[in-house]
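First, the structure itself, so that you have it in front of you.
The values are calculated or read from the model by the stated rules, or taken from the named source; none is laboratory data. Please read these numbers as outputs of a predicted model, since none were measured by experiment. So basically every Cβ, Gly included, is an ideal-geometry build from the backbone, and we count neighbours across all protein chains shown.
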Amino acid sequence: MDVRMRVNRWTPARREMLNGHALSSGLIQGHFVVDGQGIDEPIPSLPGIHRQSVDVLRQRIAADVKMGLVGHMLFPVHPQEAKDSDGRLGLDGDGPMLRALRVLREDHGETVVLMADVCMCTVTDHGHCGHVVDGAIVNDETVATLAQMAVLAAQAGADYVGASDMMDGRVGAIRAALEDDGHHSTGVLSYAVKYASAFYGPFRDAAGSSPRTGDRRSHQMDPRASVNEAVMEAQLDEAEGADLLMVKPALAYLDVVAAVHAATRRPLAVYNVSGEYAMVHAQHPNVDERKGVVEEIMHAFHRAGASVIVTYHAREIFEQGWLGVQA
Ligand code: PBG
């Protein structure tokens, strides 16, 4: 089956994320998960965000859920020396992200929405989002590996797998692989419109995922490209069965968000990326002075058509009671 309309209705938490009255219902907090024990390492370029081992992350998310922050997106982080050119770590069932998904699902059942990143850039030694053959990032071999990674994330309990790579045809391949393995209720969050942006710097520091040579321009969209190309990307993923469509980055692309919203029928997400977050923190290092800009930015995303907002600000919004969040 190509499209599973029930994915977005499967749990009360998913329905609330997509249809809740409050803007804050759609907020998703990003996390960086590492191997080890007791690790809680601040990321200098992402103030307030830490790389955490599963035990620490578990406590952190338990506190988030108590505040009402139930949407979480996980990214695995591995030491450079453990990676290889084929990204075999991505298929290791004991990797930190998969272990985190299992314990979080056990701790919180269906009261949380868990999203798992599925991309090769965090597991390859060259830092590219796919297999590299003769210097080129090859599409179809990469898609086959991504589909296997997605199945592992579904088995570990993800609500949605986040396809963040921008290979052609991966949404359909992931949907088919999920179906083959019996995961009819696991959704695909497609990074449908992802630009080769200069706003990802702090994330790449955090995840150690910068390409060692070259860049991502052969697969991510050109920031100068027309809005029509963005709409086409989103429509292709919609046709392949994406359950959520995402535009990334968010702030500099609100025209794209509005156009994709108008041209597609799936719920729309934005990724308020690391460089956008770091800019706001640079302007207002003091939390009490950040409220105005953070709220204004979230309203802008919502107004442009996003119902789901992936943002490193999610936790502070809940902690501070911004956007009308009740403590
Ligand atoms: C790649 C990926 C990237 C981000 C999330 N997943 C960026 C990239 O290196 O292309 C960036 C997110 C952020 O900047 O917060 N799979």
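Can you list the helices (runs of 4 or more DSSP H) found entirely within region 89-193 that contain at least 1 residues being farther than 30 Å from Leu69 by Cβ?
Here the list reads 139-156, 170-180.
Listed here are the residues, each with its yes/no results for (1) under 22 Å from Ile309 (Cα atoms); (2) in contact with a Ser or Thr (Cβ under 9 Å, 6 or more places away or on another chain); (3) among the aromatic types (Phe, Trp, Tyr).
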{"site": "Gly48", "(1), (2), (3)": "yes, no, no"}
{"site": "Gly87", "(1), (2), (3)": "no, yes, no"}
{"site": "Gly90", "(1), (2), (3)": "no, yes, no"}
{"site": "Arg105", "(1), (2), (3)": "yes, no, no"}
{"site": "His108", "(1), (2), (3)": "yes, no, no"}
{"site": "Thr111", "(1), (2), (3)": "yes, yes, no"}
{"site": "Asp125", "(1), (2), (3)": "no, yes, no"}
{"site": "Asn139", "(1), (2), (3)": "no, no, no"}
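Kindly indicate whether His261 is part of a helix (DSSP H, G or I), more than 19 Å from the chain's Cα centre (by Cα) and in contact (Cβ under 8 Å) with a residue 40 or more places away in the chain.
Spelling it out, it is not the case that His261 is part of a helix (DSSP H, G or I), more than 19 Å from the chain's Cα centre (by Cα) and in contact (Cβ under 8 Å) with a residue 40 or more places away in the chain.
Also, quick follow-up: Within region 168-189, can you find the residues that are surrounded by 24 or more Cβ atoms within 10 Å (Cβ to Cβ) and over 20 Å from Leu251 (Cβ atoms)?
Of everything in region 168-189, those that are surrounded by 24 or more Cβ atoms within 10 Å (Cβ to Cβ) and over 20 Å from Leu251 (Cβ atoms) turn out to be Arg170, Val171, Ile174, Arg175, Leu178, Thr186, Gly187, Val188.
I would also like to ask the following. Taking Met167 and the conditions (1) away from the ligand (no atom under 13 Å from the Cβ); (2) touching a Cys at 6+ places or on another chain (Cβ under 9 Å), which numbered condition does it fall short on, given that it satisfies the others?
Looking at each condition in turn, Met167 falls short on (1).
Out of all the residues in region 204-219, is one or more within 16 Å of the ligand (Cβ to nearest atom), buried (at least 21 other Cβ atoms within 10 Å of the Cβ), at pLDDT 95 or above and among the aliphatic types (A, V, I, L, M)?
No, every residue in region 204-219 fails to be within 16 Å of the ligand (Cβ to nearest atom), buried (at least 21 other Cβ atoms within 10 Å of the Cβ), at pLDDT 95 or above and among the aliphatic types (A, V, I, L, M).
For region 271-297, how many residues meet the condition of being within 16 Å of the ligand (Cβ to nearest atom), of a type in the set (A, V, I, L, M, F, W, C) and part of a helix (DSSP H, G or I)?
Of the residues in that region, 6 qualify.
Hey, can you tell me all the residues within region 37-77 that are surrounded by 15 or more Cβ atoms within 10 Å (Cβ to Cβ), among the aliphatic types (A, V, I, L, M) and farther than 20 Å from Val280 by Cβ?
Selection gives Ile39, Val54, Val56, Leu57, Ile61, Val65, Met67, Val70, Leu74, Val77.
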